[in-house]
Structures are given as C-alpha cells and as structure tokens.
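Computed from the coordinates by the stated procedures, all read-outs in this text should not be read as laboratory data. All figures in this text were calculated on a predicted structure; none of them were measured in a lab. With ideal geometry, Cβ positions are generated from the backbone for all residues, glycine too; neighbour counts draw on all protein chains shown.
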Amino acid sequence: MWALLSSNVLQVVGLTKRYGEFAALQECSLDIPEGSIFGLLGPNGAGKTTLIRCVLGFLKPTSGGAHVCGLDCKEQSLEVRQRVGYLPAESKLFRLMRGEDCLQFFTSIHPRGDFDRSKRIAKRLDLDLNRRVAFMSTGMRQKLAIACVLGCPSPLMILDEPTANLDPSVRNEVLGLVREARRDGCTFAFCSHILSEIEELCDEVAILRGGQVVHRGRIDAIRQIHRLRASTRRALGPADLPAGAKLVSGSENELVIDLPGTIDLYLDWIRGNDLTRIDVEKVGLSSLYHAHHLPESFPTGGSSS
C-alpha cells in the first residue's frame with residue numbers, strides 16, 4: 001500500500017476514524033523519526049487519544065493505516081504492542097498491590113520489562129514502594145505508573161500527560177528520565193498540555209485540531225518565528241508579503257504577520273512598505289498553538305519545517 005521509511009519508528013498515513021457522521025480522525029498523517037522526542041499537542045477532543053489507540057490496535061481505523069517498526073498496526077497489533085511502551089493519561093493500577101508488586105507484575109508481562117530498572121526509577125522519583133496503591137496519593141500513583149512504563153524500554157514509548165499531578169521538581173526528574181531513555185535508543189511520542197515541557201524537551205511537534213495535523217515543525221525553527229505588528233499606509237495582502245511570511249490579520253491601517261528566521265532578513269521589505277510603529281516579538285510554541293486553535297486568526301493546513 002505504501003512504503004515505510006526505515007528511519008521512522010512510527011509512520012501514519014491518511015488515518016481516518018469515523019463514528020457515524022463524526023470523524024475523530026480525518027486523513028491524519030505523520031511520522032516520528034527514530035531517536036527523536038516528538039510532541040503531540042491538541043486540546044481534548046483533537047484526536048490524540050484516538051490516534052494512539054489506532055496505533056496500538058485497540059481501534060480499527062475507517063481508512064488509512066499506521067506502521068510501528070515496519071509492522072502494520074491493524075494486522076500485526078500484538079507484535080506492535082510488544083515494541084511499544086504506553087503510559088495512558090489515566091493509568092489503572094491494582095489497588096490492593098504494593099508498589100513493588102505492581103512493578104514486578106508489569107515488567108514481567110512486557111517482553112522488554114526490567115524490574116531492577118523500574119525500581120531504580122521509582123527510587124529517583126522518591127516513591128515508597130512498600131505502600132499499597134489504594135493508600136497512595138494521585139501523584140504517587142503517577143510516579144508508580146511512570147516507573148512501570150519506563151522500566152520497559154521499547155523502540156517506541158508513548159507517554160500521555162506523564163507529568164500530570166507531579167510537583168515541579170519531580171517533573172524535571174521525569175523529563176531527565178525521558179532524555180536518558182532516548183540516549184539508550186528509545187523514541188518518544190510525548191503528549192502534554194504543558195507547552196513549556198514540549199518546548200524544552202521535544203525535537204519536533206505536531207498540532208492536532210479536529211482530527212487533523214494542522215501544523216508540524218521543528219522546535220528550533222518555531223523558536224525563530226517572529227510576530228510583527230505595525231501601522232501601514234495601505235492594506236497589505238498575502239501577495240504583498242515576503243516569502244515564508246504568514247498573515248495573521250490585516251487592515252488598511254494595521255498589519256500582523258509571522259516571519260520565520262531572524263528579523264534582519266526583512267529589513268528591506270519593512271522599509272520598502274513604509275511600516276511604522278513596529279513591534280516585534282518571538283512567537284514561541286504557546287503563541288503558535290493558540291493561533292491554530294483560533295480559526296479566524298490563523299489559517300489551518302499543515303506545514304513542515
């Protein structure tokens with residue numbers, strides 16, 4: 001049907017999942033290169049969980065497909081799950097077990113489980129493994145789930161909101177554990193509503209909206225986007241903008257555009273269009289994310305950097 005690129009641990013092509021008239025995913029395509037930490041962003045209902053469930057074979061897509069390590073996620077779902085470590089947003093742990101028993105159980109059933117590794121991770125997260133799950137706080141249960149999953153290092157690790165309910169110091173430790181696992185050969189799909197985490201940790205990011213990838217780009221490129229606001233003597237449209245610029249809003253007297261790269265590349269264009277009262281700021285991931293979820297202020301349609 002389509003060829004897998006050997007450098008991609010995950011490849012999704014045209015994935016669609018419909019429930020009657022409702023499309024949870026619409027022609028969703030993305031790939032995650034081997035050895036990367038890839039951020040998946042989007043509000044609740046954007047399609048992230050549906051995408052993950054299709055990749056893991058828990059849901060059958062309406063059309064399109066996905067491969068993990070060259071394996072078809074629909075036809076070879078068991079083999080796929082043997083190569084994936086998955087932390088769901090709401091982990092279910094055995095409440096009557098002690099923490100150490102949970103680690104023992106989950107690492108024993110995964111082909112790449114490492115009980116000693118899980119215990120070392122739990123120790124770094126300052127987790128009491130003698131306590132029963134039922135008597136753990138929400139944050140403690142999250143630490144336990146992280147230790148279970150990261151104790152099974154796999155070619156693809158999918159972490160959905162891994163730092164939810166954790167204090168800042170523990171969050172930093174978790175991000176450090178992810179970086180270390182990447183150095184050991186794991187590739188990550190990292191979902192988080194904390195945009196600063198994505199910007200700090202990830203190499204690339206994809207923004208989902210309405211079941212579609214509306215933007216994809218490298219974090220280092222996103223950091224170089226500048227938003228320019230200026231007064232104009234005439235209305236400027238898309239055809240008047242420099243190459244690569246995106247029109248955010250414009251009127252006869254005001255212009256707001258996003259410019260990739262350093263601002264010195266556009267000085268001649270600024271002078272040539274008699275812009276005044278110029279204000280320039282770096283966009284960053286937060287501004288880009290919110291722009292894609294305000295349809296009147298930013299065009300949809302995927303882009304790559």
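Quick notes
- Relative packing of peptides 154-163, 228-237 - highest average C-beta neighbours within 10 Å first: 154-163, 228-237
- Within straight-line cross-link reach of LYS143, lysines at Cα separation under 20 Å, skipping those fewer than 8 residues along the same chain: LYS92, LYS119, LYS123
- In percent, rounded to a whole number, the relative contact order of the chain is 18, using alpha-carbon pairs under 8 Å and six or more apart.
- Cα lying deepest toward the dipole's positive end in the chain, options HIS67, GLN104, GLN11, charges on Cβ: GLN104
- Each Cα pair under 8 Å and six or more residues apart adds its sequence gap; the mean of these over the residue count of the stretch 137-187 is a relative contact order of 51 percent.
- The aspartates and glutamates whose alpha-carbon is closer than 20 Å to the alpha-carbon of LYS282, local same-chain residues fewer than 8 away aside, are GLU197, GLU199, GLU200, ASP203, GLU204, ASP220, GLU254, ASP258, ASP264, ASP268.
- Projected-area mean, the chain, by convex hull of Cα positions, square nanometres: 18.1
- All lysines inside 16 Å of LYS17 as judged from Cα atoms, apart from same-chain residues fewer than 8 positions distant: LYS48, LYS60, LYS74
- Computed from point charges on the beta carbon alone (+1 for Lys and Arg, -1 for Asp and Glu), the dipole magnitude for the chain about its Cα centre is near 860 Debye.
- Taking every alpha-carbon pair under 8 Å whose residues sit at least 6 apart, the stretch 96-198 reaches a relative contact order of 28 percent.
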